[in-house]
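Since the structure comes first, as structure tokens, the remarks are kept for the end.
The values are calculated or read from the model by the stated rules, or taken from the named source; none is laboratory data. Note that the structure is a prediction, hence the values are computed from the model and not measured. Cβ coordinates were reconstructed from backbone atoms using ideal geometry, including for glycine residues, and neighbour counts include every protein chain displayed.
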Amino acid sequence: MTVYFIGAGPGAADLITVRGQRLLSRCPVCLYAGSIMPEDLLALCPSDARIVDTGPLTLEEIVTELADADAAGKDVARLHSGDPSIYSALAEQCRRLDALGIGYEIVPGVPAFAAAAAALGRELTVPGVAQTVTLTRVATLSTAMPPGEDLRTLSTSGATLVLHLAAAQVDTIVPELLAGGYRPETPCAVVAFASWPQQQVVRCTLGELAERTHETGISRTAVIVVGDVLGAEGFADSYLYSSGRVRRGRH
């Protein structure tokens, strides 16, 4: 028996990986992460599968479901939105499975920030503009941020910043970013429900971010992107495909 932690992607059902889809279609037990999972994905489960919404469950209750499936010899598709490596509570589940001697495998998925970048039609790393992307969040009804990971500190480099789960706190976010490395005219974007039919995209400057976010009513299931890459023009071409680069064939 194996627990498959599957990245379900950002929302659109066809953005799950082929491997994830195949596993989902054959596992007799499926645990999925609450209301942000598209119903089209759950329809891929076997018709007689046990399907459990983990939204109202505690961690211990989730682990009990996994242990019960293990005792019955049934593989589990454990669906997480986006990619399991980011903000998925994966680590504590794996720690408990290790203690119980239950095997598991992690299947990557398309993360929300990648879907947001696609919706914006932008690369988050542009030559000569930014080659670093910082993925972070803010602490609200969640675990406190570790020392040194406050927004003011993280923004000092001026690199591309991606904020998850933060749209509802936009009024407190903007002053912190301005006190760090960003300017009022720094380009920003808010992408809500990236890849879903109800996707919303707001493009503005950092100085306009709070007002524009409130105007649209976006408060959840959104990614905020901050950085000059969003407005980059006239930048140098990458060295990757330049004529001056020595190319070697594959061996």
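Restricted to region 159-205, and to residues that are assigned to a strand (DSSP E or B) and without any contact (Cβ under 8 Å) to a residue 24 or more places away in the chain, which residue is surrounded by the most Cβ atoms within 10 Å (Cβ to Cβ)?
This residue is V202.
Within region 214-229, track down each residue that is among the polar types (S, T, N, Q) and either at pLDDT 95 or above or assigned to a loop (DSSP other than H, G, I, E, B) (or both).
S219, T221
Might you let me know whether region 92-106 holds any residue that is among the β-branched types (V, I, T), farther than 30 Å from T216 by Cβ and more than 19 Å from the chain's Cα centre (by Cα)?
yes
Can you tell me which residues in region 24-43 are farther than 25 Å from E60 by Cβ and either assigned by TED's automatic domain parsing to the domain that holds P197 or modelled with pLDDT of 95 or more (or both)?
S25, R26
Among the residues of region 109-125, are any crowded, with 21+ Cβ neighbours inside 10 Å, assigned to a helix (DSSP H, G or I), aromatic (F, W, Y) and within 17 Å of the chain's Cα centre (by Cα)?
Yes, region 109-125 contains at least one residue that is crowded, with 21+ Cβ neighbours inside 10 Å, assigned to a helix (DSSP H, G or I), aromatic (F, W, Y) and within 17 Å of the chain's Cα centre (by Cα).
Right, I62: within 14 Å of G11 (Cα to Cα) and of a type outside the set (D, E) or not?
no
Pick out the one residue from R152, R122 that is of a type in the set (K, R) and either at pLDDT 95 or above or in the same structural domain as G73 (by TED's automatic domain parsing) (or both).
From the options R152, R122, the qualifying one is R122.
This table checks each residue for (1) touching a residue at least 60 places away in the same chain (Cβ under 8 Å); (2) in contact with a helix residue (DSSP H, G or I) (Cβ under 9 Å, 6 or more places away or on another chain); (3) charged (D, E, K, R); (4) not in a helix (DSSP H, G or I).
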site: G11; (1), (2), (3), (4): yes, yes, no, yes
site: L44; (1), (2), (3), (4): no, yes, no, yes
site: D68; (1), (2), (3), (4): no, no, yes, no
site: A77; (1), (2), (3), (4): yes, yes, no, yes
site: P84; (1), (2), (3), (4): yes, yes, no, yes
site: A91; (1), (2), (3), (4): no, no, no, no
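Restricting to region 45-67, name every residue that is farther than 16 Å from C94 by Cα and charged (D, E, K, R).
Answer for region 45-67, where residues must be farther than 16 Å from C94 by Cα and charged (D, E, K, R): D48, R50, D53.
Kindly provide the set of residues from region 132-176 that are closer than 27 Å to E233 by Cα, in contact with a strand residue (DSSP E or B) (Cβ under 9 Å, 6 or more places away or on another chain) and not hydrophobic (A, V, I, L, M, F, W, C), ordered by number.
Of everything in region 132-176, those that are closer than 27 Å to E233 by Cα, in contact with a strand residue (DSSP E or B) (Cβ under 9 Å, 6 or more places away or on another chain) and not hydrophobic (A, V, I, L, M, F, W, C) turn out to be T132, T134, T136, S155, S157, G158, T160, H164.
Sort out which residues of region 198-213 are closer than 27 Å to P38 by Cα and of a type outside the set (A, V, I, L, M), and write them in order of number.
Q198, Q199, Q200, R203, T213
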